[in-house]
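Reading through the structure tokens given below for one structure.
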Amino acid sequence: MTTPLAEVLDGQRAADLRRAARALLKEPLLLAHGSHADEFRLARRHASELRDWFDRNTGWSLRVDAEAARLRKTPGLLTDPTHPAREATRAAAPFTRRRYVLLCLALAALERGEAQIALGRLAQQVMLDATDPHLVAAGVEFTLERRDERLDLAAVVRLLLRLGVLRRVAGDEEAYVSGAGDVLYDVERRVLAGLLATRRGPSMVRAAGLDERLAELAAETALDSDELRFRAIRQHLTRRLLDDPVLYYDELTDAELAYLTKQRAFIVARISELTGLVAEVRAEGIAMVDPLDDLTDVRMPEQGTHGHITLLLAEHLAASDGPVSTADLRRRVRELAGEHGGFWSKTAKEPGAEPELVERAVAKLAALGLVTRTPGGIAPRPALARYAVGETVVLEAGALPTQRKARKR
């Protein structure tokens, strides 16, 4: 019996819609040219449905034109520091405070500039803007006199190249850093104009402190009815489930927890229908698991020395009864080097490498919602239990297991 053509077409349309939604969640800025061109075409084809779904369920707006599709995502937690901007290089080092400042100054300069700009000219404009008294008072210094300053600006430019704001015409950033040449770029002004994802223009924010400014940038309109309040809660919960590795119940307000308790099945079903994510519901919270394993920026377990150390420290933390101090983790790394050092890189086994190894491991575990930093040390969270190791049970041939503990993945 053959499948009716209408069913085949509906199935293909649903698959294309899911692929477009997943692409936007992974890369909120899809360009008409480049490596995500196919996903952009799908997003443009299904723009109306996607725009309606994201607006209704997350409060995120979607803008699609002939050049780009931009999903203006705002995080569920404004104070989460575990997913920083990163270098567009293999090292993918997180941005420093100065690089964030340079990124903002570069975007402001590009917004005022022409359709083409040289890196040297951009650097001069950024250097001039960095003399603003407010930045100087905050300790920001950018003079281009040191190589590390030029490296910071090059890292910012490479990020803008990856985002599609700039397109290299001639030259190379390395030559500029070494003082041997310059670089010319085209400025994609429509892409540049779509980068800002705030609900309110930064110039309209009057708050002084960082947390207050972030809250004001993302503030909702006045919620003067139960319907609007419930909608805001639903959107907040959906953003958390889509963006965060784990949504813990103890992080929610009483109103959010009450709403989730009643509407959990509806919320996770809507997410699963669009994205293909599968809800893993536990006593402590919910994780939306990706069977395809590509909607994540942090993976665990992971190959290589740092991945191995992270997994071993995860097992150590999962077996603890409470927070573990950084000093204890460093001692544990030294012990592990004696047991597993034959599989590690040479630099990881050198004396004094423990602080960096522990910091990288803890940063990854925190980004995955598996641990949290507390005044008493690094505290395991419930989801870390999947990396706990129990006693090995050896069974005789033909015997049936009565109780078995194994590594949870």
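The values are calculated or read from the model by the stated rules, or taken from the named source; none is laboratory data. Keep in mind it's a predicted model, so treat the numbers as computed, not measured. With ideal geometry, Cβ positions are generated from the backbone for all residues, glycine too; neighbour counts draw on all protein chains shown.
Taken as a whole, the structure leaves Glu27 outside the set of residues that are of a type in the set (D, E, K, R), free of Cβ contacts under 8 Å to residues at least 24 places away in the same chain and touching a Leu at 6+ places or on another chain (Cβ under 6 Å).
How about the range 53-72: which of its residues are surrounded by fewer than 18 Cβ atoms within 10 Å (Cβ to Cβ) and either part of a helix (DSSP H, G or I) or touching a residue at least 60 places away in the same chain (Cβ under 8 Å) (or both)?
Asp55, Arg56, Arg63, Asp65, Glu67 - these are the residues of the range 53-72 that are surrounded by fewer than 18 Cβ atoms within 10 Å (Cβ to Cβ) and either part of a helix (DSSP H, G or I) or touching a residue at least 60 places away in the same chain (Cβ under 8 Å) (or both).
In the range 209-221, of all residues being free of Cβ contacts under 8 Å to residues at least 60 places away in the same chain and under 17 Å from Val101 (Cα atoms), the one that is surrounded by the most Cβ atoms within 10 Å (Cβ to Cβ) corresponds to Arg213.
So, of the residues in the range 300-323 that are more than 19 Å from Glu339 (Cβ to Cβ) and out of contact with any Gly (no Cβ under 8 Å at 6 or more places or on another chain), which turns out to be surrounded by the most Cβ atoms within 10 Å (Cβ to Cβ)? Talk me through it step by step, then tell me what you get.
As a first pass, look at the range 300-323 and keep what is more than 19 Å from Glu339 (Cβ to Cβ): 300, 302, 321-323.
When the remaining residues are screened for being out of contact with any Gly (no Cβ under 8 Å at 6 or more places or on another chain), the result is 302, 321.
Details: Glu302: 12, Asp321: 6.
So the residue we want is Glu302.
Exactly one residue out of Asp321, Asp254 is over 21 Å from Pro75 (Cβ atoms), modelled with pLDDT under 95 and of a type in the set (Asp, Glu), and it is Asp321. Residue count for the range 177-214 satisfying the condition of being closer than 23 Å to Leu166 by Cβ, assigned to a helix (DSSP H, G or I) and aliphatic (A, V, I, L, M): 4. One residue is enough: does the range 102-114 have a residue meeting the conditions among the acidic types (Asp, Glu), within 30 Å of Ala361 (Cα to Cα) and either assigned to a helix (DSSP H, G or I) or at pLDDT 95 or above (or both)? No, because not a single residue in the range 102-114 is among the acidic types (Asp, Glu), within 30 Å of Ala361 (Cα to Cα) and either assigned to a helix (DSSP H, G or I) or at pLDDT 95 or above (or both). Only one entry in Leu50, Leu42, Leu107 is assigned by TED's automatic domain parsing to the domain that holds Arg150, surrounded by 15 or more Cβ atoms within 10 Å (Cβ to Cβ) and either of a type in the set (A, V, I, L, M, F, W, C) or within 18 Å of Leu161 (Cα to Cα) (or both), namely Leu107. Flag: Arg150 matches the condition of being more than 25 Å from Arg63 (Cβ to Cβ), surrounded by 15 or more Cβ atoms within 10 Å (Cβ to Cβ), outside the structural domain of Trp60 (by TED's automatic domain parsing) and in contact (Cβ under 8 Å) with a residue 12 or more places away in the chain. With respect to the conditions (1) loosely packed, with under 13 Cβ neighbours inside 10 Å; (2) within 27 Å of the chain's Cα centre (by Cα); (3) closer than 29 Å to Ala88 by Cβ; (4) hydrophobic (A, V, I, L, M, F, W, C), Leu192 falls short on a single one, namely (1). Cβ-Cβ contacts under 7 Å between residues 6 or more apart (or on different chains), taken from a first residue in the range 252-276 that is among the hydroxyl-bearing types (Ser, Thr, Tyr) to a second residue that is not in a helix (DSSP H, G or I), are listed as Ser272/Val278; Ser272/Ala279.
Candidates Val165, Val187, Val191, Val183: the one that is touching a strand residue (DSSP E or B) at 6+ places or on another chain (Cβ under 8 Å), modelled with pLDDT of 85 or more and more than 25 Å from Leu144 (Cα to Cα) is Val191.
Number of residues in the range 82-99 that are touching a helix residue (DSSP H, G or I) at 6+ places or on another chain (Cβ under 9 Å) and either closer than 30 Å to Ala232 by Cα or not in a strand (DSSP E or B) (or both): the value is 12.
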